[in-house]
Every structure is written in structure tokens, then in C-alpha cells.
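Note sheet for the following structure.
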Amino acid sequence: MYDIIIVGAGPAGMTAAIYGLRANKRVLILEAKAYGGQIVNASKVENYPGIESISGFDFATNLYNQVIKLGGEIKYETVVKVDEHSVITTSNTYETKAIILAVGVKNRKLNLDREIELTGKGVSYCATCDGNFYKGKDVAVIGGGNTALEDAIYLADLANHVYLIHRGDSFRADQKYQDELSSKSNIECIMNANVSKLNGENVLESIDLDNGKNIEVSGLFIAIGQQPNNAIFSNVADIDENGYIISKDGVHTNKEHVYVAGDARKKELRQLVTAESDGAIAAVMAIKES
Ligand code: NAP
């Protein structure tokens, strides 16, 4: 029997683990893929109080090392069901006194024909992971938020030419990124346009836009935000119309021993610092009960 099982090894989950472990609790983190969550995709984090600048990967790795040094246990298993005191994965069932859901959000897809087939063959959702494959080539980034602009700026130093394609007529990204964008001579902004078709035999070769243009690119980086994926938790948590978990008093779900922390929760501000804050609060509550 564990004291606390945390689902998800992103910043919220790993922070919860640090608090639980420091209180001498038996803690297990279950993670489907790799530690770090969305933050590993950020080339630079510069809004985390106390750290002037750090790569998202280094930040996540520091957190991971902290968890491991404290004796934390991470198992790479996909959770398929959660009950009040048990967590079921594709290979095991674990009993626990408290559960913290820190499952984050998933990258939003354009939902184009062949988008899944061409993922890894030109289509990517992570510029910092895959940008290096496109050195000296032409690429496109889709989106108008902080991630899209950050990706375009990052790729401009690697690729030959970067098309930044946005469906609106202005970017919602912070002014800082917009200013940086204009200093890069190889970024070309295409506004009021959507990708309508992906072309290429076995790998991506070009994209069609709904304004009638065709653009030859080897890489397409889709940076159009995130969406939650919480349907499997509907037996222990209320979920809002957008798919986010509704919490009471910050991090409580509608089951006494089940908490939610980080981006999966319905909240005002989804940032590193608020994810970690949720993780700490959820852990302190779980510690009292376990
Ligand atoms: P976001 O802020 O939600 O922006 C998503 C962008 O994609 C928007 O421009 C949106 O267009 C566009 N979009 C959404 N669906 C689309 C579709 N189907 N087709 C075409 N375009 C579509 O997402 P994000 O940039 O990933 O940022 C997520 C959060 O992380 C934000 O709170 C952001 O501030 C934060 N973040 C922070 C940093 C940092 O501080 N260093 C870096 C990255 C992200 P519209 O504008 O027309 O809706």
C-alpha cells in the first residue's frame, strides 16, 4: 500500500512527490511516457521566479533528479482507471491512501488528413525536440501564441526559412516574443491563413493553405495550444465542458482522497509556477490523510 500515488511526472506531479517524500511518505509516480510534461518542449523558461533563464529540459531534469535523490519511485505505465484507493495501469493495480491526478494536457492537433501518418515524418509538435532535423531546410510553424512564436524564433537559428502561419490577423503571444520575431530576417509571417492539406509521398514535402497558396516545407511544427484528456477520471472527478477537472478548495476532486494538480485542473493561469503550487498544496493535503 502506497501513501500517495501521483499520476503524471510533470512539474505538478514531481513537486507533489518532493513534498510527499520529504514528509517520509511512500510515494509512487506513474507516468505514461517520459518525465517532464510540456515544459520539456520550452527552449527557454524565463518567467520562473528565482531562476533567470533555464531550458525546459534542464528544469524538468533538475526536478526529476530531486525526486530520485529523495528516494522517489517512478514507474512508466499508462493509467487506465482510478478508484478512490486504487490506480489501475495497463499492467498492474496499485493500492494507495491518496491519489493526486497531475496528468497535464495534450498537444492540440489540426485534425488534418495524414496528420498522424506524417507525425515524425515532417510533422512535429515540439520544435526543441525535432528542430535539429531541419537544419538548413524550410519549415512552417502554425499558431499565434507564445509557443508558436518561441518555436519560430528557435527554428530561425537552425532552418533556412521559417513560415509562421496564423489563422488570425494579430498574435496573442507576449510582446517580448513579437519584438524578437521582427529581429529575425528569415521568418515570414502569413496571417489569416489555415493549413488545409499536407502533401508528400512518404514524408512531408509541402502544405496547402486555405488562401490558395502552396508552400514547400520539410517540417511543419504545430503549436496551437493544448487540450485536456481527463475522460477516464470521470468516476472520481467532475469534468467541465472543456474537459478540465473541476476542483473544490483548489485541488480537491469530488472524492475525499483524490486530488488534482496542474494544467488538467480548471483554473485561471496555467504556468509552471501555478502547476508546482497545486502540486505542493495537493501533497500537503494528501500527507495529512495518509
Ligand atoms: P495558446 O496560448 O492557447 O495559443 C494557441 C494558438 O494556436 C493561438 O494563437 C490560436 O489562435 C491558435 N490555434 C488554436 N487552435 C487552432 C487551430 N485549430 N488552427 C489554427 N490555429 C489554432 O497556446 P500556447 O502558445 O501553447 O501557450 C499555452 C500556455 O503556455 C499559454 O498560457 C502561454 O502563455 C504559456 N506559455 C508560456 C511560455 C513562456 O512564458 N515562456 C512559453 C510557451 C507557452 P487564436 O489566437 O486565433 O485563438
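Only the coordinates and a few stated rules stand behind these numbers; no lab work does. Treat the numbers as computed from the prediction; the structure is a model and nothing was measured. Note: ideal-geometry Cβ built from the backbone for every residue, glycine included; neighbour counts use all protein chains shown.
Could you calculate the FRET efficiency of residue 48 with residue 229 from 1/(1 + (r/R0)^6), where r is the beta carbon distance between them and R0 is 35 Å, rounded to 0.05?
Between residue 48 and residue 229 the formula returns 0.90.
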Pop a pseudo-label 7 angstrom from the Cα along the beta-carbon direction at both residue 73 and residue 273 and give the gap in nm to one decimal.
3.5 nm
Going by average Cβ neighbours within 10 Å, how do the peptides 171-180, 212-221 rank, with the highest at the top?
212-221, 171-180
Enumerate the amide H contacts of residue 226 below 5 Å, restricted to partners 5 or more residues apart or on another chain; note that Pro and chain-start residues carry no placed amide H.
108
Once amide H atoms are placed 1.01 Å from N in the peptide plane, what residues at a sequence separation of 5 or more from residue 6, or on another chain, have their amide H within under 5 Å of its amide H?
28, 29, 30, 100
Lysine pair number, Cα distance threshold 17 Å (strictly under), region 93-208, separation 8 or more or different chains:
8
Using the Karplus equation 6.51 cos²θ - 1.76 cosθ + 1.60 (θ = phi - 60°), what ³J(HN,Hα) coupling, rounded to whole Hz, does each residue of region 136-150 give in order, writing x for Gly and Pro?
x, 9, 9, 9, 10, 10, 10, x, x, x, 4, 5, 4, 5, 4
Which order do the peptides 184-197, 87-100, 13-26, 276-289 come out in when sorted by mean C-beta neighbours inside 10 angstrom, highest first?
13-26, 276-289, 87-100, 184-197
DSSP beta bridges in the chain, what fraction antiparallel, as a percent rounded to 5?
40 percent
So how far apart, in nm, are the two label points at residue 23 and residue 214 if each is 7 Å from Cα heading toward Cβ?
6.1 nm
Taking amide hydrogens as modeled 1.01 Å from N in the peptide plane, which residues meet the under 5 Å criterion relative to residue 138, leaving out close sequence neighbours?
160, 161, 218
Return, in residue-number order, each cysteine of the chain whose C-beta is not under 4.7 Å from any other cysteine's C-beta.
189
Quick one: angle between helix 11-22 and the longest Cα principal axis of the chain, in degrees between 0 and 90, rounded to 10, please.
30 degrees
In whole Å, how far is the Cα centre of region 186-252 from that of region 69-97?
29 Å
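If a/c stays under 1.5 just call it rounded; otherwise compare a/b with b/c (prolate if a/b is bigger, oblate if not). Do that for region 108-166, with a ≥ b ≥ c from the square roots of the Cα gyration tensor eigenvalues.
Oblate is the answer for region 108-166, as a/c is 1.5 or above yet b/c matches or exceeds a/b.
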Computed label-point distance, nm, for sites residue 108 and residue 255 using a 7 Å Cα→Cβ extension:
3.0 nm
Any chance you could give the angle, 0 to 90 degrees and rounded to 10, that helix 272-289 forms with the longest Cα principal axis of the chain?
20 degrees
DSSP loop (so not H, G, I, E, B), at most 11 other Cβ within 10 Å: list which GluC sites (Glu not before Pro) in region 1-55 pass both filters.
46, 52
Using the per-residue mean of other Cβ atoms lying within 10 Å as a proxy for protection, in what order, highest first, do the peptides 111-123, 222-234 fall?
222-234, 111-123
What angle do you read, to the nearest 10 degrees and between 0 and 90, between the alpha-carbon axis of helix 56-69 and the longest principal axis of the chain?
20 degrees
